[in-house]
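The values are calculated or read from the model by the stated rules, or taken from the named source; none is laboratory data. The model shown is predicted, which means the values in this text are computed figures rather than measured ones. Using ideal geometry, Cβ is built from the backbone for each residue, glycine included, and neighbour counts are taken over all protein chains shown. Only protein heavy atoms, including side chains, enter the accessible area calculation; ligands, DNA and RNA are left aside. Shrake-Rupley method; radii C 1.70, N 1.55, O 1.52, S 1.80 Å.
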Amino acid sequence: MRMDLNHLLNSLIPSWNSAGLLLVYFTYLRLAGSVLPGKLVPGVTLSDGSRLYYRCNGLASLVLLVALLGLGAWADFVSPAVIADRGLELLSTTFIFSVIVTSLLCAVGSKSSSQSSSLKPYVTRNKLNDWWLGIQLNPHFMGIDLKFFFVRAGMMGWLLINLSVLGKCFENSSLSQSMILYQLFCLLYILDYFIHEEYMTSTWDIIAERLGFMLVFGDLVWIPYTFSIQGWWLLYNKVELTTAAVIANCFVFLIGYMVFRGANKQKHVFKKNPKALIWGRPPKVIGGKLLVSGYWGIARHCNYLGDLLLALSFSLPCGISSPVPYFYPIYLLILLIWRERRDEARCAQKYKDVWAEYCNVVPWRILPYVY
Ligand code: NDP
């Protein structure tokens, strides 16, 4: 036990090698982001009337990176298990990087004299609060929008960790059906994310949150290292799944995906064209603003239900012998219930009677028959 703890603590010591890996990764993302083709998507209009533009070439960057790494592994230039071998060391190095970057953002941001919505500094008397929530809405560095850059780095990092864990399985000759299921579901989810990367440009994080430690840490540390816990767990634990369990697991994934993507897409399309057909019929709308057709007529924030089912499907391959692989769905359940409450309050204030009418017509929250 003592040996294990010592080993764990040693593995957590950050290293220059890990810092080097991070630097190479960020440099690649910076170069790929600026040269690879991708749709130029306008962000929402900010309070001063300005708009930022986002080059959505995350998918091309990801495919090229995986191809380059595959080539490097084939040529014995890079070990596929490099991340899996240095997981904790990379985690602590990324954590330190997040602390340094946030501190620099605070130092530079508070000196900004810009009055534009994206760069205007929001400074309070509480320095810790400013550090946590950030000072500027959309800080830039060397021509890149850091908020968009970090979320891309985090989502891609999650896939790279998974692929490295898979590489480690091959190295140990321990590839299991559970690992294949977990890897497949996450791969599809992350690819789907990058295929629809432009939807990110209108999310709450991008349009409303300032870039402080909460977002930097969330994107660079929390997403890649905690969303992959199931993969790490399967690396060290063997699970035998029955055929029925595999089929049920695929079913949960497919339903989750259908609801998650369907609901988000219906709202996205509705906001762009309020007359676009939903499930082949003209949409029902309340007050000209709120969609009552499709998933949005089944339950309010039905998109959260889809995300929760997807999160569950990532953990089910691990069986039920331990709560550890269920960290992600449990965390997401708490997060989305809290988020739904905050969003409901915001919508009630913004839409007033129209929101009250929507709540009457669609009384369920997230899940049908749940108030
Ligand atoms: P939503 O995409 O649910 O957006 C909420 C907003 O949509 C509301 O503020 C309102 O904005 C608008 N809206 C709500 N109801 C209606 C309606 N019936 N008709 C028209 N517009 C409506 O919020 P999020 O950004 O929180 O979530 C986006 C996705 O990201 C979800 O699928 C969620 O599950 C996922 N997510 C995943 C996380 C993870 O860690 N895996 C974390 C957080 C989110 P408006 O004022 O513009 O009308």
Mind listing the long-range amide H neighbours of ILE278? Cut-off is under 5 Å, sequence gap 5 or more, other chains count too, H placed in the peptide plane at 1.01 Å from N.
none
Roughly how large, in nm² to one decimal, is the mean projection of the convex hull of the alpha-carbon atoms in segment 1-114?
11.1
Sort all Cα-Cα distances of segment 110-213 into consecutive 5 angstrom bins from zero, then give the percent of pairs in each bin up to the one containing the longest distance.
2, 10, 16, 17, 13, 11, 10, 9, 6, 3, 2, 0
At q = 0.23 Å⁻¹, what log₁₀ I(q)/I(0) does segment 176-220 have when each alpha carbon counts as one equal point scatterer in the Debye sum?
-0.86
Over its Cα atoms, what ratio of radius of gyration to 2.2 N^0.38 Å does segment 46-180 give?
1.37
Highest first, please rank the peptides 84-97, 171-184 by the mean number of other Cβ atoms sitting within 10 Å of their residues.
84-97, 171-184
Ordered by packing density, taken as the mean number of other Cβ atoms within 10 Å over each peptide's residues, highest first, how do 164-170, 69-75 rank?
164-170, 69-75
Accessible carbon and sulfur surface of segment 1-94 relative to its total accessible area, %, 1.4 Å
69
The chain - percent relative contact order, Cα under 8 Å, separation 6 or more:
15
May I ask for the Rg/Rh ratio of segment 176-276, computed from Cα atoms with Rh as the Kirkwood radius, given to two decimals?
1.05
Provide Rg and Dmax in Å for segment 25-86, with only Cα atoms included in the calculation.
16.4, 52
Could you give each residue of segment 146-158 its phi-based ³J(HN,Hα) in whole Hz, using Karplus coefficients 6.51, -1.76, 1.60 with θ = phi - 60°, and x for Gly or Pro?
5, 5, 5, 5, 5, 5, 5, 4, x, 5, 5, x, 4
Got the relative contact order for segment 282-371 handy, in percent, Cα pairs under 8 Å and 6 or more residues apart?
43
Heavy atoms of the protein only, probe of 1.4 Å, neighbouring chains included. What is the accessible area of VAL63 in Å², nearest 10?
80
Pop out the Kirkwood hydrodynamic radius of segment 210-326 from its pairwise C-alpha distances, inverse of mean 1/r, in Å to one decimal.
16.8
Relative contact order %, segment 117-252, counting alpha carbon pairs below 8 Å whose residues are six or more apart
38
Please express the Cα-Cα pair-distance distribution P(r) of segment 149-192 as a list of whole percents, one per 10 Å bin, running from 0 to the bin with the greatest distance.
27, 51, 19, 3
LEU188 versus VAL66, label points 7 Å from Cα toward the beta carbon: distance in nm?
1.4
Under the rule of -39500 (n - 2.57) per DSSP H run of 4 or more residues, summed and divided by the residues of the chain, what mean residue ellipticity at 222 nm is obtained, to the nearest 500 deg cm²/dmol?
-19500 deg cm²/dmol
Calculate the radius of gyration of the Cα atoms of the chain to one decimal place, then report Dmax, the largest Cα-Cα distance, as a whole number, both in Å.
21.8, 66
Of all accessible surface on segment 98-194 at a 1.4 Å probe, what whole percent is carbon and sulfur?
68
What accessible area per residue comes out for the chain, rounded to a whole number of Å², with a 1.4 Å probe?
53
Report, in listed order, any pair from LYS168/LYS238; LYS284/LYS350; LYS147/LYS352 with a Cα-Cα distance greater than 22 Å.
LYS147/LYS352
Rounded, prolate or oblate: pick one for segment 280-349, where a ≥ b ≥ c are the square roots of the eigenvalues of its C-alpha gyration tensor, a/c under 1.5 means rounded, and failing that, prolate if a/b is larger than b/c, else oblate.
oblate
Could you quote the convex hull projected area for segment 93-133, Cα atoms only and averaged over all directions, in nm²?
3.1
